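A.B. asks: Just passing along the structure, written as structure tokens.
The values are calculated or read from the model by the stated rules, or taken from the named source; none is laboratory data. What you see is a predicted model, and the numbers here were worked out from it, not measured in a lab. Neighbour counts run over all protein chains shown; Cβ positions are idealised from the backbone, glycine included.
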Amino acid sequence: MANDLVILGSASPAAHAAPATAFPSHLQAAVGALVPGANVTFTPGAARIADVTDSPALRTAMSAFAQQHEVDAVLVDSQRRLTDFKLVAMDMDSTLITIECVDEIADFCGLKAEVSAITEAAMRGEIKDFNESLTRRVALLKGLDASALEKVFDERLQLSPGAQTMLRGVQSLGIRTLLVSGGFTFFTERLKTRLNLDVARANTLEIVDGKLTGRVLGEIVNAEVKARTVTEVAAQFGIRPDQAIVMGDGSNDLQMMAIAGLSVAFRAKPVVREKASVAFNYAGLDGILSLFRKD
């Protein structure tokens, strides 16, 4: 299989930033040295070396280059195009947005450190039972005024770099969008409206008399449910799972990433980076718009 080696520049810190400017001139010569004699093309925010041969030596050089220059170096199928994909499915917390909502909610009752520790252990895969980890975290929120959710959305929730540019780009191509999260519907539904997403699925926090009860209603959206949701939503739109791009950052995203045609580990835990098709450690979410050739 022929591959293209794509170098993606670092993301702008602004989530709503316009598409990247020209590829940094000080890196252009260095990119060419990765595969001596190869043809290199530069586009805004990316460099492409066409038709390279995958090898351990190339992988080692790519990794060293990426770390040295704080860019992402990935290999993609030369024959693929973005229009081959029909669905983009995204995790929410620490993927589409920069925060973990449950941690920020917990901050309003003075328990952020305790909840964050459970969140981190679950995302690293150290707590194998996501249902248990979510139940434990939500239980700590019992009695909190539900207005804290609104404050988190209004004051703390920010889109990840490149999120809006990415969504505008894929939506302009008619690609469907799915937000599937182990977080909460309070946030996913608002993001669905704000970003014009096709489908959103998450957990529902029980609220009684304006306060959180510390319980989740209905089926918990765990790793298995996430993967099932991608399959079901794809079928709803007449799309095969291998026509989906799935983006995530934690271990509970691995199952849905495994069924996708392309999986993107975004600022992800090591276990996720190792298994994903490509990893964006520096590029914004809009890096997917530069992965494939346009012709």
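A.B. asks: Every residue in the range 34-85 that is under 26 Å from the mean Cα position of the chain (by Cα) and part of a loop (DSSP other than H, G, I, E, B), please.
C.D. replies: Answer for the range 34-85, where residues must be under 26 Å from the mean Cα position of the chain (by Cα) and part of a loop (DSSP other than H, G, I, E, B): 44, 45, 54, 70, 71, 78, 79, 80, 81, 85.
A.B. asks: So if I check each of 198, 249, 242, 295, which one is in the same structural domain as residue 124 (by TED's automatic domain parsing), of a type in the set (D, E, K, R), surrounded by fewer than 19 Cβ atoms within 10 Å (Cβ to Cβ) and touching a Lys or Arg at 6+ places or on another chain (Cβ under 7 Å)?
C.D. replies: Of 198, 249, 242, 295, the one residue that is in the same structural domain as residue 124 (by TED's automatic domain parsing), of a type in the set (D, E, K, R), surrounded by fewer than 19 Cβ atoms within 10 Å (Cβ to Cβ) and touching a Lys or Arg at 6+ places or on another chain (Cβ under 7 Å) is 198.
A.B. asks: Go through (1) in contact with a Leu (Cβ under 8 Å, 6 or more places away or on another chain); (2) assigned to a loop (DSSP other than H, G, I, E, B) and name the single condition residue 88 misses.
C.D. replies: (2)
A.B. asks: I've got another one for you. Suppose the filter is buried (at least 16 other Cβ atoms within 10 Å of the Cβ) and in contact (Cβ under 8 Å) with a residue 40 or more places away in the chain; does residue 185 pass it?
C.D. replies: For residue 185, the condition - buried (at least 16 other Cβ atoms within 10 Å of the Cβ) and in contact (Cβ under 8 Å) with a residue 40 or more places away in the chain - is not met.
A.B. asks: Name the residue, out of 155, 126, that is in the same structural domain as residue 186 (by TED's automatic domain parsing), assigned to a helix (DSSP H, G or I) and of a type in the set (D, E, K, R).
C.D. replies: Criteria check complete, one pass: 155.
A.B. asks: Any residue that is surrounded by fewer than 22 Cβ atoms within 10 Å (Cβ to Cβ), touching a helix residue (DSSP H, G or I) at 6+ places or on another chain (Cβ under 9 Å) and not in a helix (DSSP H, G or I) - is there at least one of those in the range 223-238?
C.D. replies: The answer is no, given that none of the residues of the range 223-238 is surrounded by fewer than 22 Cβ atoms within 10 Å (Cβ to Cβ), touching a helix residue (DSSP H, G or I) at 6+ places or on another chain (Cβ under 9 Å) and not in a helix (DSSP H, G or I).
A.B. asks: Which residue, of 176, 124, 156, 194, is more than 16 Å from residue 100 (Cβ to Cβ) and in contact (Cβ under 8 Å) with a residue 24 or more places away in the chain?
C.D. replies: None of the others qualify; the one that does is 176.
A.B. asks: Determine, yes or no, whether residue 224 is closer than 21 Å to residue 131 by Cα, charged (D, E, K, R) and more than 18 Å from the chain's Cα centre (by Cα).
C.D. replies: The answer is no for residue 224.
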